[in-house]
Amino acid sequence: MLLANWKDYKLIDMHMGDKLERWGDIIVSRPDPQIIWPSASLSPLWKQCHMKYHRSKSGGGSWETLKKTPEKWEISWNELRFFIKPTEFKHMGLFPEQASNWERLQGLLKNQSKAKVLNLFGYTGGATVACASAGAHVTHLDASKGMVQWAKENAALSKVPEDRLRFISEDAGKFVAREIRRESKYDGIIMDPPSYGRGPQGELWKIEDMLYDLAKDCASLLSSKPLFFLINSYTTGFSPVCAENILKSILPGLGGKISSGEAGLPCSNGLALPCGSFALWSQN
């Protein structure tokens, strides 16, 4: 669930396929297919919305600007800062429910200043910035050059030392295979794969066909005393138990513990919005 100290984000209301959110001072309405219930009492803030995203029947969608809104703006979580920018595919540049995982990872990295972390499908760098700010040296990888650039901007905004970061735009499978050949090792691995996607050279990614093999390859990159292995998923129907079973299969004999569950956002009306699943193996 969402951490209480995320002051710059709030899920205000949910109603029949739409969610109302506050990102800093900007109020946004976005569709969510899992919201199949009406709001018990519609928030008056629906009428104060700055931007609304409309889905297209032919796929994709577009933003409607209802009030003057900056092209991008900053929000903070604890000492970290991030740029928020509405994208053509509905996203805002962060998944706020992941703050719970960021806090967990920062705890595991405490007093581990030499730890090396690999963040695959790193998006705009929320987990990268969180881990690097805790002292880790992070390799951030995403197939999209635009997302990698956004992650660099977030790292600079959060004043993360550049020598703790390595940014790479490449297909995840190709990168991991090369790291195996190089005998590279990491103390922590984060995987946040999409359901479907393509790499820079058109490489196909389908989570149901490829996640296990990639996770197994990543396990061979773990150091002799690893700290954690985290798998996130936003794929509908992908149970937390699926990710937990993958971790149990690829990390036999390592000891430690595995926790799993649904990621979600609490709403002002007392309900919760499901936002995917996670499984985390940790040494302690």
Evaluation of residue 197 against (1) out of contact with any Leu (no Cβ under 7 Å at 6 or more places or on another chain); (2) touching a residue at least 24 places away in the same chain (Cβ under 8 Å); (3) assigned to a helix (DSSP H, G or I); (4) small (Gly, Ala, Ser) (one fails), failing number: (3)
Residue list for region 174-206, filter: under 22 Å from residue 252 (Cα atoms) and touching a strand residue (DSSP E or B) at 6+ places or on another chain (Cβ under 9 Å): 176, 179, 184, 185, 186, 187, 188, 189, 190, 191, 192
Tally, over region 63-104, of residues that are more than 15 Å from residue 131 (Cα to Cα), under 18 Å from the mean Cα position of the chain (by Cα) and hydroxyl-bearing (Ser, Thr, Tyr): 2
Evaluation of residue 243 against (1) surrounded by fewer than 14 Cβ atoms within 10 Å (Cβ to Cβ); (2) closer than 22 Å to residue 171 by Cα (one fails), failing number: (1)
Selection status of residue 143, touching a Lys or Arg at 6+ places or on another chain (Cβ under 6 Å) and buried (at least 21 other Cβ atoms within 10 Å of the Cβ): no
Only one of 20, 42, 66, 11 that is under 30 Å from residue 281 (Cβ atoms) and either at pLDDT 95 or above or not charged (D, E, K, R) (or both): 11
Boolean, residue 279 is under 28 Å from residue 111 (Cα atoms), at pLDDT 95 or above, buried (at least 20 other Cβ atoms within 10 Å of the Cβ) and of a type in the set (Gly, Ala, Ser): yes
Wholly enclosed strands (runs of 3 or more DSSP E) of region 73-126 bearing at least 2 residues on the phi > 0 side of the Ramachandran plot, in the same structural domain as residue 29 (by TED's automatic domain parsing) and in contact with a Ser or Thr (Cβ under 8 Å, 6 or more places away or on another chain): none
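This table checks each residue for (1) at pLDDT 95 or above; (2) of a type in the set (D, E, K, R); (3) closer than 16 Å to residue 218 by Cβ.
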residue: 138; (1), (2), (3): yes, no, yes
residue: 141; (1), (2), (3): yes, no, yes
residue: 145; (1), (2), (3): yes, yes, no
residue: 151; (1), (2), (3): yes, no, no
residue: 156; (1), (2), (3): yes, no, no
residue: 160; (1), (2), (3): yes, no, no
residue: 169; (1), (2), (3): yes, no, no
residue: 175; (1), (2), (3): yes, no, yes
residue: 179; (1), (2), (3): yes, yes, yes
In region 134-158, the residues that are of a type in the set (Asp, Glu) and not in a strand (DSSP E or B): 153
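The values are calculated or read from the model by the stated rules, or taken from the named source; none is laboratory data. Not measured: the values here are computed from a predicted model. No Cβ is skipped: glycine too gets one built from the backbone with ideal geometry, and neighbour counts run over all protein chains shown.
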